[in-house]
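The values are calculated or read from the model by the stated rules, or taken from the named source; none is laboratory data. Since this is a predicted model, take the numbers as computed values, not measurements. Glycine gets a Cβ as well: all are built from the backbone with ideal geometry, and neighbour counts include every protein chain shown. These accessible areas exclude ligands, DNA and RNA; they are computed on the full protein's heavy atoms, side chains included. Shrake-Rupley method; radii C 1.70, N 1.55, O 1.52, S 1.80 Å.
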Amino acid sequence: MSEWGAFPFGKLNSVRPARRAKKADAVVIGVYPSAWHVRWVAPTHRPAGPAGGVQALAVDVEPTVFWDGARDDFGTRLAKWKRDVGFRDGEHGTIASISPAGNGSSGQKLSSHYLAPLGLSPDNVTFTDVFPVYMAHTRSGSSRGQLDAIREEYDPLAPALGFAASTLPDRMSRHELPRVAAERFGARLLEDLAGANPSLVITLGEEVWATLQRLPQLRAQPPVTDFDALKSDSYGAVGSLWLNARRVDWLPLVHPGLLGRAGEWETLHAAWAVSPKSVL
């Protein structure tokens, strides 16, 4: 059993390795990896939860960090997953043959809204996370989180279907995560950065910002005093890190999860993407 728990229908959660470029022009550091999702409808012969299924149920780790789903054969991947976990159509419910929209969405957004404005190809970028283990989030406002969906729809049915309840970890708070990430995975992150040896490091969100500053080896010098200060004309400004005894540029940007929502971060990032400050 994995110390990081198991997904619905039994696949084990695991530490996700960095996605390494042969020659890295840049490194992108996210918070934590995503998962691979399916649209699952509960079997009609069993009492179901409030929704009778989940539109995008996390059932496995994502194929690679910041996977964009491009050129992926969802049908082939789904068939293999069913064989691996012993999923039987009808008895265990039904799964749509089309991939949910959430699969690969972070990777797609990163490529188009972050890398393309800088003239970077994903093939020449190394991708990693400060906390390289998938965590399921809970409800935010009126929106049901992945962990809520699992607990309401899958877990009550799991024993009757012959499966164990999911044991995925709950997402840490934004205050707790940087400390745990630095303590548990700081050495791994330093190895990822040193191995890539880029001229530019792009970080996504406040939690990554805070984690890097907990690693004294990086001698992190942010462009502004705190992350919220980027919510200004300073958005897109460059700081510095030290890797392999040399100074490299550090570009802290907002997390992709905050894009697509009307607000100041959306406006600032959209303006930056049209005319990014020169960093390469």
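Give me the angle, in degrees from 0 to 90, between the Cα long axis of helix 264-274 and the longest principal axis of the Cα atoms of the chain, rounded to the nearest 10. Tilt relative to the chain: about 60 degrees.
In this structure the amide hydrogen of Tyr235, modeled in the peptide plane, comes within under 5 Å of no amide hydrogen from residues 5 or more places off or on another chain. Residues whose amide H lies under 5 Å from that of Leu168, counting only those 5 or more places away or on a different chain, are Ala6; hydrogens are built 1.01 Å from N in the peptide plane. Each residue of segment 11-19 was assigned a 3J(HN,Hα) from its phi angle through the Karplus expression (A = 6.51, B = -1.76, C = 1.60, θ = phi - 60°), giving 4, 7, 6, 7, 5, 9, x, 4, 9 Hz with x at Gly and Pro.
Taking a Cβ cut-off of under 14 Å around Val224, the surrounding Lys, Arg, Asp and Glu residues balance to a net charge of -2, with basic ones at +1 and acidic ones at -1. Between amide H atoms placed 1.01 Å from N, distances below 5 Å from Gly53 occur with Ala42, all of them 5 or more places distant or on a separate chain.
Counting only alpha carbon atoms, the long axis of helix 74-85 and the longest principal axis of the chain meet at about 60°. Per residue, the chain exposes 46 Å² of solvent-accessible protein surface, assessed with a 1.4 angstrom probe and all protein chains in place. Solvent-accessible area assigned to carbon and sulfur over segment 118-224 amounts to 46 percent, based on a 1.4 Å probe. Between the entries [x] 61, 37, 35; [y] 48, 42, 39; [z] 59, 35, 30, the label attached to Cα extents along the principal axes in Å calculated for this structure is [x].
Legend: calculated FRET efficiency, Arg83 to Glu3, from the Cβ-Cβ distance at R0 = 25 Å, rounded to 0.05, equals 0.45.
Using per-residue counts of other Cβ atoms within 10 Å, averaged over each peptide, order 229-236, 23-30 from highest down.
Packing order, densest peptide first, comes out as 23-30, 229-236.
Spin-label model, Arg261/Glu183: points 7 Å from Cα along the beta carbon direction are separated by 2.8 nm.
Remark: spin-label model distance Glu191-Ser275 equals 4.4 nm, labels positioned 7 Å along the Cα→Cβ axis.
The peptide list 10-22, 52-64, put in order of mean Cβ contacts within 10 Å with the highest first, becomes 52-64, 10-22. Taking each residue as 0.36 nm, the span from Ser173 to Arg246 lengthens on full extension beyond its C-alpha to C-alpha distance by 23.0 nm.
Pop the C-beta distance of Asn124 and His45 into the FRET formula with R0 = 51 Å and round what comes out to the nearest 0.05. Please report the intermediate quantities before stating the final value.
Numbers: r = 52 Å, r/R0 = 1.01.
Using R0 = 51 Å, I get an efficiency of 0.50.
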